[in-house]
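Below is one structure; the comments refer to it alone.
The values are calculated or read from the model by the stated rules, or taken from the named source; none is laboratory data. As the structure is a computational prediction, the values presented were derived from the model and not from experiment. So basically every Cβ, Gly included, is an ideal-geometry build from the backbone, and we count neighbours across all protein chains shown.
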Amino acid sequence: MEKSAKDCMWHADDRTKDGLLRHPADSPAWKHFDAIHTDFSKDSRNPKLIITSDGFNPFRMMNSTYSIWPVIAIPINLPPWFCMKQPNFILSLLIPGPKSPGKDIDVYLEPLVNELDSLFEKGVRTYDAFKKEHFQLHVVVHSTISDLPGLATLAGVATSGEHGCPKCHLLTCSFWLTKGKKTCYMDHCRFLGPNHRYRTMDKAFFNGKVESRTAPDPLTGDQVNSLTENIHTVFGKDPKGKQTIRKRKRGDPPQIFKRRSIWFKFRYWKDLLQPHNIDAMHIEKNVCDNIMNTLLGIDGKTKDSINSSQDLQLLGIRKDLHPVPVGKDTFDLPPAPYSMNPKLRKLFCQVLKEARLPYGYVSDIRRNVNVKKKKIIGLKSHDCHILSQKKKKNCFH
Ligand SMILES: [Zn+2]
């Protein structure tokens, strides 16, 4: 008890403060909040929480739409080696259902949000086992962590379609791929430094265009607050038993917020610099899986399909990759610069199979590599992290 009471003050007392980013307490978001809400920050025992949630399917193949959403609160005052340990996770909600809760998650979240709000405003009398005294403990939600579709559920932000980037909002650069039948997000070069060489590599990226724009400014908490103030949302089913889905009509203004985020019930929510975080390793795994499948040319999973080649043709870019007709309705796909022949693919798999990686960093990836079939299946997110990062000294022996 005494030890964990002391650990709650670790971020203020024992943290190394050398400007490096090691813990959320080193981030500008944490410092910005502390500077505004001094009543809260003057006592370092007051915990800050991260709320995280994602759906998982407990029945796998038996029922593919059923999902359970655990909502977990993590106190992040603790040192990094404690705050991500299972005993410090507070499982506050478990939302089961025949399908994902969608916007109705707000109904389930409401009691939790109300309780957390009263813990911030009024606090609760608590005994400090380390200092041997009573004090009024206040709690604040520092941010949420989810994947991108989870963000749409938790915060009502559009994460797909024309304006599907929550950071770029109305300035999202997107277009529809006619053959691939999906929205494509491009123009990433504007996020690079002003003199980055990629900005002028016009042929490699897009239509001979040199990128001179800077990254769009994300919306501030106050802007989001006022934009969503008047959105009226009907939860649940309508009395006739049908789900209420309002389709966007032609001429309607673009919708970047589908509903008002329930987190705005907190008085301080609009002051947060980074209220929602994306689980980067989740994205890294998806990207790594797709790169592997494309490099190894796995049927049905490679991104170098006839559709993507025809889309390049329609857009008039990368002429070297356009499909070459070889008969009626049959095309040859020219190999991309990174394409590997079967011999190289086998070698690639062999290298991964024999790689010696630092103990504790990855699972036994030898089991995921099938050299004979030239396939890599079932990599875990930590494996993908190690494989995607720049080759470090002594990583591959
Ligand atoms: Zn964006």
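Note on segment 173-195: residues that are assigned to a helix (DSSP H, G or I) and more than 13 Å from the ligand (Cβ to nearest atom) amount to 0.
Being within 20 Å of the chain's Cα centre (by Cα), in the same structural domain as Lys372 (by TED's automatic domain parsing) and β-branched (Val, Ile, Thr) holds for only one residue in Ile298, Ile291, and it is Ile291.
Of all residues in segment 296-337, those satisfying the criterion of being without any contact (Cβ under 8 Å) to a residue 12 or more places away in the chain and assigned to a strand (DSSP E or B) are Val324, Pro325, Val326, Gly327, Thr330, Asp332.
Select from segment 260-312 the residues that are among the basic types (Lys, Arg) and surrounded by fewer than 18 Cβ atoms within 10 Å (Cβ to Cβ) and list them in ascending order. Give the steps one after another, and end with the answer.
The initial filter retains those residues of segment 260-312 that are among the basic types (Lys, Arg), namely 260, 265, 267, 270, 285, 301, 303.
Hits for segment 260-312 are Lys265, Arg267, Lys270, Lys301, Lys303.
Scan segment 196-228 for residues that are more than 25 Å from the chain's Cα centre (by Cα), more than 16 Å from the ligand (Cβ to nearest atom) and in contact (Cβ under 8 Å) with a residue 24 or more places away in the chain and the total you get is 1.
Residue-by-condition table, conditions (1) modelled with pLDDT of 95 or more; (2) touching a Pro at 6+ places or on another chain (Cβ under 9 Å); (3) surrounded by fewer than 17 Cβ atoms within 10 Å (Cβ to Cβ):
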| residue | (1), (2), (3) |
| --- | --- |
| Ala25 | no, no, no |
| Ala35 | yes, no, yes |
| Asp43 | no, no, yes |
| Val71 | yes, no, no |
| Ile76 | no, yes, no |
| Pro79 | no, no, yes |
| Lys103 | no, no, no |
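Note on segment 91-127: residues that are in contact with a Ser or Thr (Cβ under 7 Å, 6 or more places away or on another chain), under 17 Å from Arg259 (Cβ atoms) and among the aliphatic types (A, V, I, L, M) total 1.
Looking at segment 152-172 only, could you name the residues that are under 19 Å from the mean Cα position of the chain (by Cα), hydrophobic (A, V, I, L, M, F, W, C) and within 13 Å of the ligand (Cβ to nearest atom)? Hits for segment 152-172 are Val157, Ala158, Cys165, Cys168.
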